[in-house]
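As structure tokens, the structure follows; a few thoughts come after it.
The values are calculated or read from the model by the stated rules, or taken from the named source; none is laboratory data. Keep in mind the model is a prediction, meaning the values are calculated, not measured. Virtual Cβ from ideal backbone geometry, glycine too; neighbours counted across all protein chains shown. All accessible areas refer to the heavy atoms of the entire protein, side chains included, with ligands and DNA or RNA removed. Shrake-Rupley method; radii C 1.70, N 1.55, O 1.52, S 1.80 Å.
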Amino acid sequence: MKAVDGEIAQILRSAGCKATQPRVYILLLLSKTKKPLTVQEIGEKLPKNIADQATVYRTVQLLGKIGLVQEVLFAGHDHAHYEYARRTDHHHIVCRSCDAVEDFVGCEVKTIQRQALAQSKQFKSIISHAIELSGYCKKCSV
């Protein structure tokens, strides 16, 4: 575990950020988690006395500003989720019943962007995108 902590600390330092204990633990947690987490979920999964909820919130905001964490806003949720900012383009499928989340890759975004810009009267460029598919997981399907 120490070697992994050292790698995470190096990632933080390379991004120009101090490698404090809360930052290392939060980034390590998000890098190992398969689905985006809320601030509350992050706080609950951290070892005891590492960070309170306000520190978790401030930390994910900072890590977002330096590009190590990305905010995910799911439709129908009144709060943000956070995930490790991977270099691969991916999106999410969300269960409408139990909120299970699964990543998927491949969205032909270049084609969609060209079509959107061709139809747009006001926009010249698109700099980011997010695709969320919703449905029912196998457990919740009737």
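Selection of first residues in segment 123-142 that are in contact (Cβ under 8 Å) with a residue 12 or more places away in the chain and of second residues that are acidic (Asp, Glu) and not in a loop (DSSP other than H, G, I, E, B), restricted to Cβ pairs under 7 Å at least 6 apart or on distinct chains, gives an empty result.
Residue under question is residue 38, and the condition is that it be of a type in the set (Val, Ile, Thr), out of contact with any strand residue (DSSP E or B) (no Cβ under 7 Å at 6 or more places or on another chain), surrounded by 15 or more Cβ atoms within 10 Å (Cβ to Cβ) and within 21 Å of residue 72 (Cα to Cα); does it hold? When the stated conditions are applied, residue 38 does not pass them. Across segment 65-86, not a single residue is classified as of a type in the set (S, T, N, Q) and surrounded by fewer than 17 Cβ atoms within 10 Å (Cβ to Cβ).
Yes/no matrix, rows are residues, columns are (1) of a type outside the set (D, E, K, R); (2) in contact with a strand residue (DSSP E or B) (Cβ under 9 Å, 6 or more places away or on another chain):
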position: 52; (1), (2): no, no
position: 65; (1), (2): no, no
position: 80; (1), (2): yes, yes
position: 90; (1), (2): yes, yes
position: 93; (1), (2): yes, yes
position: 98; (1), (2): yes, no
position: 105; (1), (2): yes, yes
position: 109; (1), (2): yes, no
position: 113; (1), (2): yes, no
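For segment 10-29, state whether one or more residues are in contact with a Pro (Cβ under 9 Å, 6 or more places away or on another chain) and open to solvent by less than 20 Å² (accessible area, probe 1.4 Å). No, there is no match, as no residue in segment 10-29 is in contact with a Pro (Cβ under 9 Å, 6 or more places away or on another chain) and open to solvent by less than 20 Å² (accessible area, probe 1.4 Å). Residue 96 - would you say it is closer than 17 Å to residue 35 by Cα, over 14 Å from the mean Cα position of the chain (by Cα) and surrounded by 11 or more Cβ atoms within 10 Å (Cβ to Cβ)? So residue 96 passes the test.
Can you tell me which residue within segment 105-142, out of those that are assigned to a strand (DSSP E or B) and within 16 Å of residue 89 (Cβ to Cβ), is most open to solvent (accessible area, probe 1.4 Å)?
Let us first name the residues in segment 105-142 that are assigned to a strand (DSSP E or B), namely 132-135.
Subset that is within 16 Å of residue 89 (Cβ to Cβ): 132-133.
Working: 132: 65, 133: 83 Å².
Filtering first and then ranking leaves 133.
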